Structure formats: structure tokens, C-alpha cells
Amino acid sequence: MEEEKKIVSGENEGEAEKAKTLDIPTTAQFEAELKRLRYRHNFIKSVWSTVSSLIIVVAIAIIISTMILPVLRVTGTSMNPTLKNDEVLLCNKLADIKQGDIIAFYYNNKVLIKRVIGLPGDVIDIAEDGTVYVNGEALDEPYVSELALGECDIELPYQVPESRMFVLGDNRPVSIDSRSTSIGCIAEENVIGKVVVRVLPIKSIGFF
């Protein structure tokens, strides 16, 4: 019996040594490793979900900014005092444009910002003192700090052609606009949209 016990004991010790040699993990080690792998999988899944969401948000923002609400930066002083250099604006490409609205439009591969004074069919006249008349009525223009005839080489009175808009800058003495044949009236297809809100600087945020 003792010899049998010794044989059995020897076999158990041999199996233990064999297990050590094979480096078989214990149940606790196996569960810990399984838990680590699950955590890693869930972490990667969470990170990927977050990145995917950010990509979608950025894509939507780009689509909105390109297709609906373009972002523009003011350059120059032609719209002073209403708009100042380096201010950042949002345009609404879907808005209906009316007299008095500020619009952005393409001109010679540049983007200009002016105020709509006349729509198709309107008759524009400008007095020597800079007073603007539309269809025989003088405009009330509180947004203009100084009236001036400015650079005007068009024949007055002037009727706005079909599908075009007559625009002026609020800084009348320096603005080059529809008063000049170098720019003329703006074709509707060149209009980017109506300026609806100033977003920068923060202290000047506001709607138009």
C-alpha cells in the first residue's frame, strides 16, 4: 500500500510539474484574462463609437456650412459702420431676399458683402448729396453714417434688370458697388445668401 501511495504521489507531483512546465493558467488567471479582454474590447468599441459620432457631426456641420449656412469673414471697410473688418458672419442660402437685406455674392472670384437697394424692375436714382430714391421715394437709411454719391458712372435714373439686384455698401464714400459699371447689378445666381447673424467677435454677436 505504501508503495502504491508513493507511486500515486509521484504521479501527482509529476502532473503538477508537467502543468508548471506547460504554464497552464489557473481558473482565477483565466477569468482575469477574460475580463481584461472584455474590457479592452468594450474600450475599443466605445472609442470607435465616439470617433464615428464626431466624424458624423463634423460631416453634418460641413454640409450645413456649405449648403445652407456659409461662414464668411468681412474684409475691408465698405460696410462700415454696420460691419467691420475681420468680423465673422453666417449667411442663409435659403432666405428670401428683400430690399434692405445684406447679402454676400461672388464677384471676380471674390466674395463681396453689400446691402440690397433695388430688386428687378425697381428704378434707382441718387441725388448729388447721396440721397437714394427707389421708384421715386427717398430711402430712410439709418445704417448709413454719411451719404455720398461716391464712385458713380452709371446713367441715372437706372432700372434694375430682370434677375438682378442693385446693391450699395453702407460706407457710401468709399464703397465700390452697383453705382459703378465695374461691378454693376448682381446676378441672382451669384448671390451666396442673406447675412443673418454676426458670430464673431463674441461681444458683437447679433442677428440682422
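Tabulated values for the structure
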quantity	calculated
Number of positions in the stretch 80-127 that are surrounded by 14 or more Cβ atoms within 10 Å (Cβ to Cβ) and among the acidic types (Asp, Glu)	4
From the options 92, 80, 108, residue that is among the polar types (S, T, N, Q) and without any contact (Cβ under 8 Å) to a residue 60 or more places away in the chain	108
The stretch 155-208: number of residues that are exposed (fewer than 13 other Cβ atoms within 10 Å of the Cβ) and either within 26 Å of the chain's Cα centre (by Cα) or not assigned by TED's automatic domain parsing to the domain that holds residue 95 (or both)	8
Some residue of the stretch 79-97 being under 20 Å from residue 160 (Cα atoms), touching a strand residue (DSSP E or B) at 6+ places or on another chain (Cβ under 7 Å) and either assigned by TED's automatic domain parsing to the domain that holds residue 156 or in a loop (DSSP other than H, G, I, E, B) (or both)	yes
Verdict on residue 121 being of a type outside the set (Phe, Trp, Tyr), in a loop (DSSP other than H, G, I, E, B) and more than 30 Å from the chain's Cα centre (by Cα)	yes
Exclusive hit being under 20 Å from the mean Cα position of the chain (by Cα) and more than 18 Å from residue 190 (Cβ to Cβ), set 83, 112	83
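The values are calculated or read from the model by the stated rules, or taken from the named source; none is laboratory data. This is a predicted model, so every value here is computed, not measured. With ideal geometry, Cβ positions are generated from the backbone for all residues, glycine too; neighbour counts draw on all protein chains shown.
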